[in-house]
Amino acid sequence: MSVGRVVATELKPATPHQFHFWTARDTSIGIGAIVRVEDPADTERVVFGVVTDAFAYSDLATPLHDVVSADGDPERAGTAPTLRQEIRLWTAAVLRQFPEEPLQPVPLGRVLVASDADVASALRMDAYLTGTQPTGIPVGLYTSGGLEAPVYLDSDFLLGPEAAHLNISGISGLATKTSAVEFLISSIFQHFPAHRGRVAAVCFNVKGSDLCFLDRAGELQEEDRRRYERLGVSPEPFKRVRYYAPFKPDGVNLNTLRTHADLVGDVEPLVWGLREALDFAEVLLNKDDIDAKADAFIDFLKDRVVGQSFDDGFGNQHQVETFADLDALFRAILRGVEDSGRGDMWRTHHVATIRKVRNRLSNISTRCKGLVTDDGAVGDLPWGAFEDRGVYVIDVANVDPLGQDLVFARVVSKLRERLEHRNLGVDVVIVFVDELNKYASGDGPETHVKRMLLDISERGRYLGLALFGAEQFRSQVHRRVVGNAGTQVFGRMDADELATPGYQVLSPATKIKLATLPIGELMVRHPHFTQPIFVRFPRPAVMRGRDGVERFPPAEDLPFEDAIVRQLMKLDRRLKPNVLKDLVGSREQEDVRRALAAVRRARPDDVLAYFRTALGSKVAADVPRERRAVPPLSPISEEPY
Amino acid sequence: MARLPWLDAVLAAGAVPASFVPDASGGRSDAADVTGADVMEGSGLAVHELRHPPLAPSAVTFVDGIQRWAVVGYDGVVPLISAYVAAAARRRTGGRLHTVAEESRRVIVTAEGSLSPPVREALRRSGEPVVDLKDDVPGQPGRTLTAAGMRIERLRESVERAVAEPLADRLPEDEWLVVDGVLSNSKDLASHPRTLGLIKSHGAQYFTGEELRRALMLPPGHRTSVFQPHRHGSQAVYSWYVRIWPWEGHDLLYGLLRVEARADAESIARADAIGAWLVNERKPLSTPDARFDRLLYPIHDVETYLRSRAPLHLVTDPGSRLPPAATAATAATAEPGT
């Protein structure tokens, strides 16, 4: 049954890309509704459009006439026995025409609410939902006029290789950006086409506890369950989630909100040593620190020193594995140069350059304490053994910005390197990064992280690396990062943000809708959709961060001994806490930390024995003997002179 | 615009195309007769303030009609006129108007007997309804067109009656029927207890002297005494004037309505309430119609409805009335390279 009629005037003509239609006052049509227009003269001709603007007006010639007829009394205006004729006039943008050629103005035909099939056709989803290898990924439900039609994204255009990346923007707390991404990743995991291989997600948790409970079921309402069913997505938490978090500066307690006793066992420490840090020295050193000379010296260290036996030219042999080893080397070089008196150069490097690099590098383990250790211990992601449909959450929420940069740069570089060599374990990786305003701002300094994000945006799709980025203000994110995102998603937007030039293509009505979008509703732009489409998505089936923290409150930081015991027991549950406590109770914390790192690195069968060996025997401190005064051979005279 | 099939046939039979829309074809001519009236309320025509609460029917149906006509050809000096008349009734409930009845007719008006045989035959074969001006022998076009206009007006009135009378027959107890124009040309309407005729044009004169002065200088929110017009139409009706807008600064007839109702004591009893009701009906204003001071919005709405459904053009080529030679010359200068 028709709900409207296309109208065209000289001032408001119907064109191949836009048309106008009117409806009854009471109508289910609204902004974002998809409609179908039928040509009265040609039954084969059908046009689909999406409503982008709406107008209402009456036959009142001028507002003054309303004043006159009511004698200037607004109350009396409300008592008019007849209500004026008024119109609901809608503007719609053409989504698709059948036949597609010749492209002609929209016929002045009747307007119907689109059906499920119409929605699929209008959004050109039929191209990737049918066939032997469909690539549709449910993103939400198009809801209008009582219709709930699933909307699908094309996996080839979401995760590559045709296009890739997703960018989602909106007001914090109201746009439900994280929830949308959680649902979408879940949907991808359930619908990623088999012929495209294996897929995993790496999520950087950069604030609060947002992504800390992805393996726990969240509360769903009946409405959510119904939407899941309609979308063909099973409402369940992620099955394979692995959490990584650096230590706190104490080196034993994990720097994450997932520290509840029931959950902390799943969190792997993320700890890097000298080599890992040195590979990304440029992330850790600011622009002023790095010049060509310093750069050359760092390269020298990486290529010729770290991890190999090295002669400093002053008769000392060095095996640099840790920051401590590196510092010893620096000291030896500087002392050697000074003692030799042969000038200020050491192997073509000036002493001042060596001092600067020493100063910066030696400081790294202090600045990123907990993430970078100076004892060479390493805890890392399972490079080469990524699981299909696995989610790897890296919690850097409480890590200082420098550490976050290092984590991000290294993880993404490794992902890229592994995907390039096809030895990551999966074929496609989704990298979810929130706060792009911070990491890829449009007007901020050129940082290593921003360069990496640009690199993913521009070349990731060839590798199978898809960036899912989120931010509050899209206009303030680097143009090439958002521009390269094939799929753009918008939650509730800030009105000021909508006033920026990037949103000029949207009609005023669409902007208003965006500024007032309810929670759970998004506007989606996708390469196959010629116009933005509004969809509703169900609440993600995982526990929200806020709920998770209430249900599993983070544990207080453990005393040193208890933290060590927990770390060791995670490696071998048969260990007895009392035995371990006795073992570490009287030892220096630094020694214990080093021993624990050695165990974690070696993963021995007999954890206790290895730990005991690594800890070494206790060296008893020498008790200084009491010094007795020796009486003078001849007593000094009491005579002062 | 598609050509009128019947016109193609008569042109082929020798008629000459024409394109002329008479000035009066957009509206109606006034019944400009001079008559008298008997005052039925009190001893003489008095002025009454409308103090009663207004009548508030649960639903009201408004009836109006339109007529359009144009000379589309000539057979000799005999005009061939294409005419369209329509009427509609729109019922108001909850403040909104909805069409409950409508009727339209398209006719050819001509002096059939004066047409040349081929044209008459072509007209006959077209099967189109013809209104024959047989009593008006074609002479000067102006006289013929005046006669044609009156015939078309009568046709329009008949269509209005065809719409209104069945509605009046089945009008529920608490509803009213308001007709734009006189009631006295319909027995059914004139005798109906809840049907009103509203007259906006005041060509007919019922009073003289002081009574005329009282009638035409009515203050706003007042009415005259109820009177019975003499020899007005075929049916007896009661009537009274109501002023709905102050006339000062405009014209004596500004905001002046004449109401017709059943010739019955009940109409006298209801005159105040009906008058107050009509004053209330002045909002919303029926602008941009120039007659908004007397044209009630619901009547305006019916007219708008009818106009929106009327054929846009009654002539074959509304775009230009330039002579053929001038048209050709214009086309020639528009050609590239000339």
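Just to be sure, is A:PHE534 in the same structural domain as A:LYS177 (by TED's automatic domain parsing) and closer than 30 Å to A:HIS260 by Cβ? So A:PHE534 fails the test. Considering only residues that are farther than 12 Å from A:GLY32 by Cα, among the hydrophobic types (A, V, I, L, M, F, W, C) and part of a strand (DSSP E or B), which ones fall in the stretch A:505-556? If the condition is that a residue be farther than 12 Å from A:GLY32 by Cα, among the hydrophobic types (A, V, I, L, M, F, W, C) and part of a strand (DSSP E or B), then A:VAL542 is the only one that fits. Looking across the stretch A:46-104 at every residue that is away from chain B (no Cβ under 14 Å) and without any contact (Cβ under 8 Å) to a residue 24 or more places away in the chain, the one that is nearest to A:GLN531 (Cα to Cα) is identified as A:GLU100. Checking each residue in the stretch A:437-484 for being among the small types (Gly, Ala, Ser), more than 29 Å from A:PHE192 (Cβ to Cβ) and modelled with pLDDT of 90 or more picks out only A:SER475. For the stretch A:539-558, a tally of residues being under 25 Å from the mean Cα position of the chain (by Cα) and over 21 Å from A:SER172 (Cβ atoms) returns 5. Scan the stretch A:577-587 and tell me whether some residue there is at pLDDT below 85, within 26 Å of A:LEU257 (Cβ to Cβ) and surrounded by fewer than 20 Cβ atoms within 10 Å (Cβ to Cβ). The answer is no, given that none of the residues of the stretch A:577-587 is at pLDDT below 85, within 26 Å of A:LEU257 (Cβ to Cβ) and surrounded by fewer than 20 Cβ atoms within 10 Å (Cβ to Cβ).
Selection of first residues in the stretch B:285-297 that are within 11 Å of chain A (Cβ to nearest Cβ) and of second residues that are among the β-branched types (Val, Ile, Thr), restricted to Cβ pairs under 7 Å at least 6 apart or on distinct chains, gives the following pairs, ordered by first then second residue: B:LEU285/A:VAL68; B:TYR297/A:THR82. Counting only residues that are away from chain A (no Cβ under 14 Å) and farther than 21 Å from B:GLU165 by Cβ, which one in the stretch B:85-110 is surrounded by the fewest Cβ atoms within 10 Å (Cβ to Cβ)? The residue in question is B:ARG106. Just one residue in the set A:LEU174, A:LEU220, A:LEU184 is of a type in the set (A, V, I, L, M, F, W, C) and crowded, with 24+ Cβ neighbours inside 10 Å; that residue is A:LEU184. Of all residues in the stretch A:6-38, how many are out of contact with any helix residue (DSSP H, G or I) (no Cβ under 9 Å at 6 or more places or on another chain) and either among the small types (Gly, Ala, Ser) or in the same structural domain as A:VAL505 (by TED's automatic domain parsing) (or both)? Selection size over the stretch A:6-38: 5. If you take the residues in the stretch A:420-444 that are in a loop (DSSP other than H, G, I, E, B) and charged (D, E, K, R), which one is nearest to A:LEU184 (Cα to Cα)? Residue satisfying both the conditions and the ranking: A:ASP434. All of A:ARG331, A:ARG342 fail the test of being over 21 Å from the mean Cα position of the chain (by Cα), basic (Lys, Arg) and not in a helix (DSSP H, G or I), apart from A:ARG342. Between a residue in the stretch A:574-585 that is more than 12 Å from A:PHE611 (Cα to Cα) and any residue that is among the basic types (Lys, Arg) and at pLDDT below 85, which pairs come within a Cβ distance under 9 Å, given they are 6 or more apart or on different chains? Close Cβ pairs (under 9 Å, with a partner that is among the basic types (Lys, Arg) and at pLDDT below 85) amount to A:PRO577/A:ARG566.
Please tell me if B:VAL119 is assigned to a helix (DSSP H, G or I), surrounded by 21 or more Cβ atoms within 10 Å (Cβ to Cβ) and in contact (Cβ under 8 Å) with a residue 40 or more places away in the chain. Judged against the criteria, B:VAL119 is a match. If you filter the stretch A:36-45 down to residues that are over 29 Å from A:LEU506 (Cβ atoms) and part of a strand (DSSP E or B), you find that the one that is farthest from the other protein chains (Cβ to nearest Cβ) is A:GLU44.
When the residues of the stretch A:193-202 are filtered to those that are of a type outside the set (Lys, Arg) and at pLDDT below 95, the one that is farthest from A:VAL264 (Cα to Cα) is A:HIS195. Apart from one condition, B:TRP277 fits all of (1) touching a Pro at 6+ places or on another chain (Cβ under 9 Å); (2) away from chain A (no Cβ under 14 Å); (3) modelled with pLDDT of 95 or more; the exception is (2). In the stretch B:130-139, the count of residues that are modelled with pLDDT of 90 or more and buried (at least 17 other Cβ atoms within 10 Å of the Cβ) is one or more. Taken together, A:PHE247, A:PHE238 contain a single residue that is over 18 Å from A:SER187 (Cβ atoms), among the hydrophobic types (A, V, I, L, M, F, W, C) and out of contact with any helix residue (DSSP H, G or I) (no Cβ under 6 Å at 6 or more places or on another chain), which is A:PHE247. Mind listing just one residue for me: the one in the stretch A:481-501 that is in contact with a helix residue (DSSP H, G or I) (Cβ under 6 Å, 6 or more places away or on another chain) and surrounded by fewer than 16 Cβ atoms within 10 Å (Cβ to Cβ) and, of those, farthest from A:THR176 (Cα to Cα)? Within the stretch A:481-501, the match that is farthest from A:THR176 (Cα to Cα) is A:THR500.
Selection of the stretch A:360-387 for residues being surrounded by 15 or more Cβ atoms within 10 Å (Cβ to Cβ), part of a loop (DSSP other than H, G, I, E, B) and either modelled with pLDDT of 75 or more or charged (D, E, K, R) (or both) yields A:CYS368, A:GLY370, A:LEU371, A:THR373, A:ASP374, A:ASP375, A:ASP380, A:LEU381, A:PHE386, A:GLU387. Of the residues examined, A:SER187 is one that is among the hydroxyl-bearing types (Ser, Thr, Tyr), without any contact (Cβ under 8 Å) to a residue 60 or more places away in the chain and not in a loop (DSSP other than H, G, I, E, B).
Among (1) over 30 Å from A:ALA217 (Cα atoms); (2) modelled with pLDDT under 85; (3) among the polar types (S, T, N, Q), there is one condition A:GLN531 misses while meeting the rest; what is its number? Here A:GLN531 clears every test but (2).
Any residue that is part of a strand (DSSP E or B), more than 24 Å from A:THR15 (Cα to Cα), within 14 Å of chain B (Cβ to nearest Cβ) and modelled with pLDDT of 90 or more - is there at least one of those in the stretch A:130-138? No; the residues of the stretch A:130-138 include none that is part of a strand (DSSP E or B), more than 24 Å from A:THR15 (Cα to Cα), within 14 Å of chain B (Cβ to nearest Cβ) and modelled with pLDDT of 90 or more.
Annotation note: of A:ARG355, A:ARG410, the sole residue that is among the charged types (D, E, K, R), modelled with pLDDT of 85 or more and surrounded by 15 or more Cβ atoms within 10 Å (Cβ to Cβ) is A:ARG410. Per the listing A:VAL431, A:VAL426, A:VAL449, the residue uniquely of a type in the set (Val, Ile, Thr) and under 22 Å from A:SER179 (Cα atoms) is A:VAL431.
The values are calculated or read from the model by the stated rules, or taken from the named source; none is laboratory data. Predicted model, so just to flag it, every value in this text is computed and none were measured. Positions of Cβ are generated from backbone atoms using ideal geometry, with glycine treated the same way; all protein chains shown enter the neighbour counts.
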